[in-house]
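Visitor: Can you read through this structure? Questions will come right after.
The values are calculated or read from the model by the stated rules, or taken from the named source; none is laboratory data. Here the structure is a predicted model, which means the values were calculated and not measured. As a convention, Cβ positions derive from the backbone with ideal geometry for all residues, glycine included, and neighbour counts pool all protein chains shown. The area values use the complete protein model at the heavy-atom level, side chains included, leaving out ligands, DNA and RNA. Shrake-Rupley method; radii C 1.70, N 1.55, O 1.52, S 1.80 Å.
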Amino acid sequence: MNVTSSTTQLAKDWAKGYTSQPEEYAYQIKDIEGEIPLDLQGTLFGNGPGLFEVGRETIGHVFDADGMLRVFRFQEGKIYFENRYIRTEGYVKERIAQKILYRGFGTQRTGGWLANIFNTNLKNAANTNVIYWGGKLWAMWEGGHPHQLNPETLETIGLDNLDGLLNQETFSAHPRIVDGTFINFGVSGMSPQTLTIWELNQQGEKIKSSSYPVEGFSIFHDFLVTPNYYIFIKHPFKLNPVLWLLGIKSLEQCLSFDNQNTTKILIISRNNQQMEILETEAFFGFHHGNAWELDNKIYLTTICSDTFPQREKDKMELDKMSFEKPIFGQLWQVTLDLSSKAVTRKPLLERSCDFPSVHPAFVGQENRYLYLNVASEATNNAPIQAIMKYDQSNGQYQMWSPGERSFAGEPVFIPRQGDVAEDNGYLLSVVYSASTHRSYLVILDAQNLSVPLAKCHLDHHLPQGFHGTWTSENFLNGVS
Ligand SMILES: [Fe+2]
């Protein structure tokens with residue numbers, strides 16, 4: 001097979017991982033290779049797109065697909081699986097109407113501009129992350145409020161404004177938990193925007209909040225926290241909303257990446273709410289790894305690409321995706337010198353990668369290991385398929401690949417109980433196999449990725465997901 005046809009096959013396989021899963025299941029996984037570690041007790045909650053069609057209409061972008069939970073509950077060496085759609089207003093109304101009723105990031109209502117003009121009510125797809133905090137399970141989407149769910153039954157309770165904490169602000173899908181404090185942000189307005197940051201205690205109650213004006217239009221998907229700072233990377237976007245308001249183009253098509261401008265890094269003191277802005281050359285990236293302070297500098301890791309992966313048309317057409325263009329980024333370390341105000345960047349990994357994370361106890365602290373998804377190929381742009389443990393102290397890494405026609409999702413690190421050694425834990429990831437059109441949960445030992453501890457095969461496929469989190473409760477209540 002030549003390079004072009006193998007690349008085409010890879011794109012087709014990758015696109016097949018975004019096939020709808022309309023069924024909702026609940027069963028004990030019995031098809032298991034290997035052993036489930038007995039100390040793995042709790043729940044892996046995952047979220048991601050589930051449905052790419054409404055009736056006979058196809059949505060325009062995976063970001064707009066209805067959120068579907070993927071839930072793996074662990075109890076005494078057994079695993080119980082459930083997937084469940086979040087009953088958002090949009091999900092419920094569109095299932096009844098059997099046609100697209102809402103615009104999205106890259107989705108337009110059928111019927112041309114007349115069907116879209118002055119319609120600024122994007123669907124809250126509740127599809128990006130899910131987290132259990134303060135006794136609540138939240139399905140999160142960065143353009144609106146979280147949906148609260150019952151962690152036992154997975155029933156949708158409804159939109160949650162956190163007892164009135166949220167008004168017009170969004171509530172991002174990338175909270176950070178530092179020293180037992182839940183920290184998240186939201187924005188209001190379009191251009192300029194107001195950025196608000198909240199800190200919540202373990203009961204989900206507000207400890208503090210603060211708001212900041214931000215010039216122009218920004219896409220803040222993720223952020224970073226250290227003991228003394230919140231850090232936001234403001235990539236250079238321009239938004240021309242006129243054609244969007246007139247219904248002619250989707251929001252995505254009205255964005256442009258301004259590579260002649262600079263990327264701005266907002267450094268906000270958690271102590272006195274002062275904001276300082278440093279600048280560096282233009283780059284884009286959805287996700288950040290970690291940040292830490294040392295010698296009046298902040299070091300951070302982030303996924304960088306030269307530009308935003310903007311499409312020419314409002315169509316999914318994932319099988320036509322060209323991986324010659326960098327749709328995923330590369331891992332860089334950025335250093336912010338708080339004395340000289342200099343920003344320096346250096347690449348850590350040339351390979352295409354995404355979804356970086358660290359041991360939860362090292363969020364905001366200097367970490368040695370970073371866990372992330374990477375392309376199998378070391379240099380070419382390609383879809384992410386494998387799981388890597390990257391050692392920042394020496395650039396060495398361990399990697400586990402699921403094979404050439406399979407795609408591993410975000411690796412979630414779960415520390416072994418009672419031990420804070422940075423790599424003493426498990427990595428859990430949902431893998432999609434295009435050859436079988438089924439998915440499985442892989443359990444890796446973070447100290448030795450070479451051979452999985454277990455592969456837990458589902459009876460069906462799951463569309464490739466976005467983000468998930470672990471909680472030590474399994475909410476099983478007597479299931480055995
Ligand atoms: Fe994300």
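Visitor: Report whether or not residue 178 is more than 30 Å from residue 316 (Cβ to Cβ) and in contact with a Pro (Cβ under 8 Å, 6 or more places away or on another chain).
Guide: Working: more than 30 Å from residue 316 (Cβ to Cβ): yes; in contact with a Pro (Cβ under 8 Å, 6 or more places away or on another chain): yes.
Yes; evaluated as a whole, the condition is true for this residue.
Visitor: Do you know which of the residues in region 203-243 that are away from the ligand (no atom under 16 Å from the Cβ) and among the charged types (D, E, K, R) is nearest to residue 119 (Cα to Cα)?
Guide: It comes out as 238.
Visitor: Give me a count of the residues in region 22-37 that are buried (at least 16 other Cβ atoms within 10 Å of the Cβ) and part of a loop (DSSP other than H, G, I, E, B).
Guide: We begin by selecting, within region 22-37, every residue buried (at least 16 other Cβ atoms within 10 Å of the Cβ); these are 29, 32, 36-37.
Of the ones still in play, those that are also part of a loop (DSSP other than H, G, I, E, B) are 29, 36-37.
Total satisfying the criteria: 3.
Visitor: Which of the following residues is surrounded by 15 or more Cβ atoms within 10 Å (Cβ to Cβ) and at pLDDT below 95: 109, 84? Steps first, please.
Guide: On the way: 84 fails: at pLDDT below 95.
After applying the criteria, what remains is 109.
Visitor: A further question on this structure: Hey, can you tell me all the residues within region 364-378 that are open to solvent by 20 Å² or more (accessible area, probe 1.4 Å) and not small (Gly, Ala, Ser)?
Guide: First, the residues of region 364-378 that are open to solvent by 20 Å² or more (accessible area, probe 1.4 Å): 365-366, 368-369, 376-378.
Correct list: 365, 366, 368, 369, 377.
Visitor: Would you be able to say whether some residue in region 294-314 is touching a residue at least 40 places away in the same chain (Cβ under 8 Å), away from the ligand (no atom under 16 Å from the Cβ), surrounded by fewer than 19 Cβ atoms within 10 Å (Cβ to Cβ) and of a type in the set (A, V, I, L, M, F, W, C)?
Guide: Yes - at least one qualifying residue is present in region 294-314.
Visitor: Considering region 429-452 alone, what residues qualify as being touching a Pro at 6+ places or on another chain (Cβ under 7 Å) and in contact (Cβ under 8 Å) with a residue 40 or more places away in the chain?
Guide: Across region 429-452, the qualifying residues are 429, 442, 443, 444.
Visitor: Follow-up. Do you know which of the residues in region 166-182 that are surrounded by 19 or more Cβ atoms within 10 Å (Cβ to Cβ) and of a type in the set (Ser, Thr, Tyr) is farthest from residue 222 (Cα to Cα)?
Guide: Checking each candidate, the answer is 170.
Visitor: Now for a separate question. With the requirement that a residue be more than 13 Å from residue 216 (Cα to Cα) and out of contact with any Lys or Arg (no Cβ under 6 Å at 6 or more places or on another chain), what does region 237-256 give you?
Guide: Within region 237-256, 242, 244, 245, 246, 247, 248, 249, 250, 251, 252, 253, 254 meet the criteria.
Visitor: Any chance you could count how many residues in region 248-292 are within 16 Å of the ligand (Cβ to nearest atom) and at pLDDT 95 or above?
Guide: 4
Visitor: For the list (1) touching a residue at least 24 places away in the same chain (Cβ under 8 Å); (2) assigned to a loop (DSSP other than H, G, I, E, B); (3) within 19 Å of residue 254 (Cα to Cα); (4) more than 16 Å from the ligand (Cβ to nearest atom), I need the number of the one condition that residue 100 fails.
Guide: It fails just one condition, (3).
Visitor: Which residues, counting only those in region 121-148, are within 19 Å of residue 220 (Cβ to Cβ) and not aliphatic (A, V, I, L, M)?
Guide: The initial filter retains those residues of region 121-148 that are within 19 Å of residue 220 (Cβ to Cβ), namely 122, 124-129, 131, 138, 140-146.
Within region 121-148, 124, 127, 128, 129, 138, 141, 142, 143, 144, 145, 146 meet the criteria.
Visitor: Of the residues 435, 393, 439, 429, only one is closer than 23 Å to residue 49 by Cβ and assigned to a loop (DSSP other than H, G, I, E, B); which?
Guide: Values: 393 fails: closer than 23 Å to residue 49 by Cβ; 439 fails: assigned to a loop (DSSP other than H, G, I, E, B); 429 fails: assigned to a loop (DSSP other than H, G, I, E, B).
Sole residue among the options that is closer than 23 Å to residue 49 by Cβ and assigned to a loop (DSSP other than H, G, I, E, B): 435.
Visitor: Which of the strands (runs of 3 or more DSSP E) contained wholly in region 200-247 include at least 1 residues that are surrounded by 15 or more Cβ atoms within 10 Å (Cβ to Cβ) and of a type in the set (D, E, K, R)? Break it down stepwise before answering.
Guide: Values: elements: 206-214, 229-234, 237-239.
Per the criteria, 229-234.
Visitor: Looking at 391, 445, 423, 419, which one is among the charged types (D, E, K, R), open to solvent by 50 Å² or more (accessible area, probe 1.4 Å) and more than 16 Å from the ligand (Cβ to nearest atom)? Outline the logic, then answer.
Guide: Numbers: 391 fails: open to solvent by 50 Å² or more (accessible area, probe 1.4 Å); 445 fails: open to solvent by 50 Å² or more (accessible area, probe 1.4 Å); 423 fails: open to solvent by 50 Å² or more (accessible area, probe 1.4 Å).
None of the other options fit; the residue is 419.
Visitor: Next question, about the same structure. Working only within region 454-475, note down all residues that are within 16 Å of the ligand (Cβ to nearest atom) and hydrophobic (A, V, I, L, M, F, W, C).
Guide: Within region 454-475, just 466 meets the criteria.
Visitor: So, one more: If I ask for residues that are touching a residue at least 40 places away in the same chain (Cβ under 8 Å) and open to solvent by less than 40 Å² (accessible area, probe 1.4 Å), which ones from region 349-363 would you list?
Guide: To start, the set of residues in region 349-363 that are touching a residue at least 40 places away in the same chain (Cβ under 8 Å) comprises 349, 353-363.
349, 353, 354, 355, 356, 357, 358, 359, 363, listed by residue number.
Visitor: Just to be sure, is residue 12 part of a loop (DSSP other than H, G, I, E, B) and basic (Lys, Arg)?
Guide: Details: part of a loop (DSSP other than H, G, I, E, B): no; basic (Lys, Arg): yes.
When the stated conditions are applied, residue 12 does not pass them.
Visitor: Just to be sure I understand, how many residues within region 355-376 are away from the ligand (no atom under 16 Å from the Cβ) and outside any strand (DSSP E or B)?
Guide: Going through region 355-376 one residue at a time, the tally reaches 10.
Visitor: Does residue 341 fit the bill of being out of contact with any His (no Cβ under 7 Å at 6 or more places or on another chain), open to solvent by 60 Å² or more (accessible area, probe 1.4 Å), closer than 18 Å to residue 367 by Cα and charged (D, E, K, R)? Write out each step before concluding.
Guide: Numbers: out of contact with any His (no Cβ under 7 Å at 6 or more places or on another chain): yes; open to solvent by 60 Å² or more (accessible area, probe 1.4 Å): yes; closer than 18 Å to residue 367 by Cα: no; charged (D, E, K, R): yes.
Here the answer is no, as residue 341 does not meet what is asked.
Visitor: May I pose another question? Scan region 148-159 and give yes if some residue there is modelled with pLDDT of 95 or more, open to solvent by 50 Å² or more (accessible area, probe 1.4 Å) and in contact with a Pro (Cβ under 8 Å, 6 or more places away or on another chain), otherwise no.
Guide: Yes: one or more hits.
Visitor: Just one of (1) out of contact with any helix residue (DSSP H, G or I) (no Cβ under 7 Å at 6 or more places or on another chain); (2) surrounded by fewer than 22 Cβ atoms within 10 Å (Cβ to Cβ); (3) in a loop (DSSP other than H, G, I, E, B) trips up residue 40, so point out which.
Guide: Of everything listed in (1) out of contact with any helix residue (DSSP H, G or I) (no Cβ under 7 Å at 6 or more places or on another chain); (2) surrounded by fewer than 22 Cβ atoms within 10 Å (Cβ to Cβ); (3) in a loop (DSSP other than H, G, I, E, B), residue 40 misses just condition (2).
Visitor: Can you tell me how many residues in region 127-153 are closer than 16 Å to residue 91 by Cβ and either within 13 Å of the ligand (Cβ to nearest atom) or not in a strand (DSSP E or B) (or both)?
Guide: Residues in region 127-153 being closer than 16 Å to residue 91 by Cβ and either within 13 Å of the ligand (Cβ to nearest atom) or not in a strand (DSSP E or B) (or both): 9 in total.
Visitor: Quick one: would you say residue 350 is assigned to a strand (DSSP E or B), modelled with pLDDT under 90 and more than 23 Å from residue 236 (Cβ to Cβ)? Step through it out loud before you land on a result.
Guide: Details: assigned to a strand (DSSP E or B): yes; modelled with pLDDT under 90: yes; more than 23 Å from residue 236 (Cβ to Cβ): yes.
Judged against the criteria, residue 350 is a match.
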